[in-house]
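Trainee: I have a structure here, written as structure tokens, and I will follow up with some questions on it.
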């Protein structure tokens, strides 16, 4: 397609051209059919799931963005006039929750906690002793506020109880009185899986991703039937439910004398929530002993039935709590003996990334104090981590001119590759690319070209800065593929990277979508290089970057493809230097051409 003649094409004209090419495209498609019908069906099923997941992911991001724009005038003005790519990216990634009004008691359904927790019984004399010790301290601290009682008495009680259960419980207790769990919400205590360590004193942002269930503690003189208290508890639970994209979450309200349990269940079809509360239970009851006429006091004693229920709640099978945020369970080793989770670094479609910091007395001079862990969200995507390990090993074996450590992030001894990957150190996000960094990116593309690897996901979010070397690195090889000596990678399902692709890919991809076929593509050897050029353009022009963000928030993949195609064709017509670079990339036949590209890219920075 000639894109340099100044003729501006419209969507209808593009569609007409695509239909003219129908026979040629069908012939190419036939050449890429899978020889094995079973393999074809498996690939198609996998792609359907991924497209549905991607569509949901985009829709969520679009809802957040629209909510910001519609409800916050100041943000809308900022989005319209911003000249900072950092600001634009910040506003488009804000996590806003939608208003949620609770109608009590109408929205609240009752359930019998005894029926829900009927499968185990780990209550024993130790638990009874801890409860009695807890009770006996009340006279000494009767004037303490709820958070003071929690810090002085309740924290110690919970730690002792969970330690007594040992292998019977999957939970670890955290005092989260001062920790926010998302959207400015917090509860007094939270429970996470016991093989996870989180430093909430320095960084509580990561905590919201690991919370299994929650509890809210009130002072002894507050009623658990008070509407405002119940609403606050339900909103906090719903916050966790929303942040973690899970279906159900449990919690409890306690004023130290009584306890009441709750759970919220999301109706995925109606996108609504069903709210449940249990009966109110006495944690301590008055003694039935006959008191003398002169004895004006009444003696409290431990209510064994309630404490049996509470211990059941804390010792249920891990499946009961329905934690689904990440692909982890209580038995997974997340290096808790060596590191604690410091903060969240990234949140993608299939995984989340966290910074780890060494635990006290565990750090040695031979090991770095920080590592980065990428944790999978769903077990069905575990093949992506296996693929990244394979690709990284190939990059290390090639190690052209000893550049691997300079260009890429190494994977450190994956002990649980179907759950998480461990990386060497934290890298810094970048919002712009200097001329020197743009040339570094071309060097990375040359390394991949020589190594016969196609990354397929070259985009700004996957470019990071190593402050120790002042060099950029390319990360996330989960979708990478290899090709043979003839430069053929075979037909394979397309990843979600659409907006930064070259026009050849976008034309072919849109044709497949017109024909309602699942998108498969035979990637050319210079695919990543074309994406890299478009990334350089976007990170050096706020208007280009803003347009790409606008395109990526569209829901329909067909519309995204056509909009991206038109946009890059317009850039090519308007920018002679960019057009020349595109033509140069299209004629790359050997890696020596990359040096010419680095020289030509200088022209993009000379205006």
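Trainee: For segment 134-147, what are the residues that are surrounded by fewer than 14 Cβ atoms within 10 Å (Cβ to Cβ) and under 26 Å from residue 192 (Cα atoms)?
Mentor: Scanning segment 134-147 gives a single hit, 145.
Trainee: Is it the case that segment 238-257 has a residue that's at positive phi and surrounded by 17 or more Cβ atoms within 10 Å (Cβ to Cβ)?
Mentor: The first filter runs over segment 238-257 and keeps only residues at positive phi, leaving 245, 256.
Cutting the leftovers down to surrounded by 17 or more Cβ atoms within 10 Å (Cβ to Cβ) gives us 256.
Yes, segment 238-257 contains at least one residue that is at positive phi and surrounded by 17 or more Cβ atoms within 10 Å (Cβ to Cβ).
Trainee: Being in a loop (DSSP other than H, G, I, E, B) and over 17 Å from residue 196 (Cβ atoms) is the filter here, so list the residues in segment 323-357 that pass it. Steps first, please.
Mentor: Narrowing segment 323-357 to residues in a loop (DSSP other than H, G, I, E, B): 323-338, 348-350.
Residues satisfying the conditions are 348, 349, 350.
Conditions (1) modelled with pLDDT of 90 or more; (2) buried (at least 21 other Cβ atoms within 10 Å of the Cβ); (3) more than 14 Å from residue 449 (Cβ to Cβ); (4) within 36 Å of the chain's Cα centre (by Cα), marked per residue:
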| site | (1), (2), (3), (4) |
| --- | --- |
| 533 | yes, yes, no, yes |
| 545 | yes, no, yes, yes |
| 559 | no, no, yes, yes |
| 567 | yes, no, yes, yes |
| 571 | yes, no, yes, yes |
| 579 | yes, no, yes, no |
| 599 | yes, no, yes, no |
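Trainee: Tell me which residues, restricted to segment 106-116, are part of a loop (DSSP other than H, G, I, E, B) and surrounded by 12 or more Cβ atoms within 10 Å (Cβ to Cβ). First the steps, then the outcome.
Mentor: Step one: of segment 106-116, the residues part of a loop (DSSP other than H, G, I, E, B) are 106-107, 111-112.
107, 111, listed by residue number.
Trainee: What's the number of the only condition in (1) part of a helix (DSSP H, G or I); (2) within 24 Å of residue 153 (Cα to Cα); (3) at pLDDT below 90 that residue 242 fails to meet?
Mentor: (2)
Trainee: Scanning segment 128-144 for residues that are out of contact with any strand residue (DSSP E or B) (no Cβ under 7 Å at 6 or more places or on another chain) and modelled with pLDDT of 80 or more, which turns out nearest to residue 300 (Cα to Cα)? Steps first, answer last, please.
Mentor: Taking segment 128-144 first, the residues out of contact with any strand residue (DSSP E or B) (no Cβ under 7 Å at 6 or more places or on another chain) are 129-130, 133-134, 136-144.
From the residues that got through so far, the ones that are modelled with pLDDT of 80 or more too are 129-130, 133-134, 136-137.
Numbers: 129: 14, 130: 15, 133: 12, 134: 12, 136: 9, 137: 12 Å.
Of everything passing the filter in segment 128-144, 136 is nearest to residue 300 (Cα to Cα).
Yes/no per residue for (1) surrounded by 17 or more Cβ atoms within 10 Å (Cβ to Cβ); (2) in a strand (DSSP E or B):
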{"site": "118", "(1), (2)": "no, no"}
{"site": "157", "(1), (2)": "yes, no"}
{"site": "161", "(1), (2)": "yes, no"}
{"site": "192", "(1), (2)": "yes, yes"}
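The values are calculated or read from the model by the stated rules, or taken from the named source; none is laboratory data. Only a predicted model underlies this, so the values are computations on that prediction, with no experimental measurement involved. Here Cβ is always computed from backbone atoms with ideal geometry, including for glycine, and neighbour counts include all displayed protein chains.
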